[in-house]
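Single-structure report; data block below.
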Amino acid sequence: MRSSRLPWILLVVVSAIGYGSGSLFAKAIYPTGFDWLDLLVWRHLLAALILGAIVVALPAGRAALRGLTRERALRSFAIGLFFTANAATYVLSIFFAHAPSGPRPWIALAIATTGVVLGVGGIPDAKEPALIGLVLGVASPIIYSCYIILAARLAGETKSGTGASGGGGTSSLAAIPLSLLGTAVGMFVLRVALGRELLPLPIPDGALLPIIGVATIAGIIPIGAFYIGAQRLGAARAALISTVEPIFTIVAAGYLFNESLTAIQLVGGALILGAVLVAEWGAIRLVRPRRASAQAKRGAAKN
């Protein structure tokens, strides 16, 4: 049974890579005149429209939307609205969601946290962040952790089991487009609250492909993959696996933009990968024996 976790582990890794690619696309977008708020509006609005069109075009998608109750539709939209306040990392879900049993996940969490700190690297003295930056940096993981918990509840997770094991939860085909729409609306509200014009800047020709990439590769794919993976693995386990995100971002940025990696960042990346292996070694290790056993049974049946 444990080996069946491997596809969902890989799905969450795909989610982390998708999230991590966002900053790479942004680096190509900002020189065109966009700022972070313009980019976020277009990212979630396009993601909601693209995924919504796909879901409506699929018979299974239309069936999921028809079977959605008003309460679950509002919850999906509200969770997306809450996502407006997020900015990435996954901590508190271990305390409030379905927690994996045994000491291994806690050991892995400690290793991963150390790895993230080392992977980010030191901040030069001349570039110390302002106090508001530090406050937002601390608030960000807390906000995102609350989002993970709410999304896991929507997927059917309780303290006694994951969404898949409980057999409940809102279908991803219905929940994810509504959640993306909620986030897009939240971004428009944020623009007004900050005194900006309601509509973002038009998309420049040079930024069209990167913005579509942000909406799909760094929007639809990671949000959808994480929701589906967490429904099978549980929010806490999926959140821990997602700590591979900074590894991808750091390595990809180094390769694409010739940004050098320090020794301490390489050590941090190795620790994060080690943490994921510690947490999920049972699922990975048992795949080969199960396949060998299945092959042996088939051979015996032929004889």
- prompt: How many residues are among the polar types (S, T, N, Q) and surrounded by 22 or more Cβ atoms within 10 Å (Cβ to Cβ) when one looks only at the stretch 11-26?
  reply: 1
message: Here's a check for you: in the stretch 239-251, which residue that is over 24 Å from Leu51 (Cβ atoms) and either more than 13 Å from the chain's Cα centre (by Cα) or without any contact (Cβ under 8 Å) to a residue 24 or more places away in the chain (or both) is surrounded by the fewest Cβ atoms within 10 Å (Cβ to Cβ)?
response: Val251
- request: Could you please tell me which pairs satisfy a Cβ distance under 7 Å, a separation of 6+ or placement on different chains, a first residue in the stretch 30-53 that is within 15 Å of Val185 (Cα to Cα) and touching a residue at least 24 places away in the same chain (Cβ under 8 Å), and a second residue that is in a helix (DSSP H, G or I) and among the basic types (Lys, Arg)?
  value: Leu37/Arg191; Val41/Arg191
- prompt: Which pairs have Cβ atoms under 8 Å, sit 6 or more apart or on different chains, and link a residue in the stretch 1-26 that is over 14 Å from Gly219 (Cβ atoms) and part of a helix (DSSP H, G or I) to one that is at pLDDT 85 or above and β-branched (Val, Ile, Thr)?
  reply: Trp8/Ile228; Leu11/Ile228
- request: Kindly indicate whether any position in the stretch 133-147 is at pLDDT below 80, surrounded by fewer than 18 Cβ atoms within 10 Å (Cβ to Cβ) and not in a helix (DSSP H, G or I).
  value: no
- line: Exactly one of Ala236, Ala225, Ala215, Ala230 is part of a helix (DSSP H, G or I), over 20 Å from Ile54 (Cα atoms), at pLDDT 80 or above and touching a helix residue (DSSP H, G or I) at 6+ places or on another chain (Cβ under 6 Å), and that residue is Ala230
statement: By residue number, the members of the stretch 192-212 that are part of a helix (DSSP H, G or I) and touching a helix residue (DSSP H, G or I) at 6+ places or on another chain (Cβ under 6 Å) are Gly206, Ala207, Pro210, Ile211
query: If we keep just the residues of the stretch 182-232 that are closer than 14 Å to Leu40 by Cα and polar (S, T, N, Q), which is surrounded by the fewest Cβ atoms within 10 Å (Cβ to Cβ)?
result: Thr216
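The values are calculated or read from the model by the stated rules, or taken from the named source; none is laboratory data. Treat the numbers as computed from the prediction; the structure is a model and nothing was measured. A quick note on method: Cβ atoms are made from the backbone with ideal geometry, for glycine too, and the neighbour counts reach across all protein chains shown.
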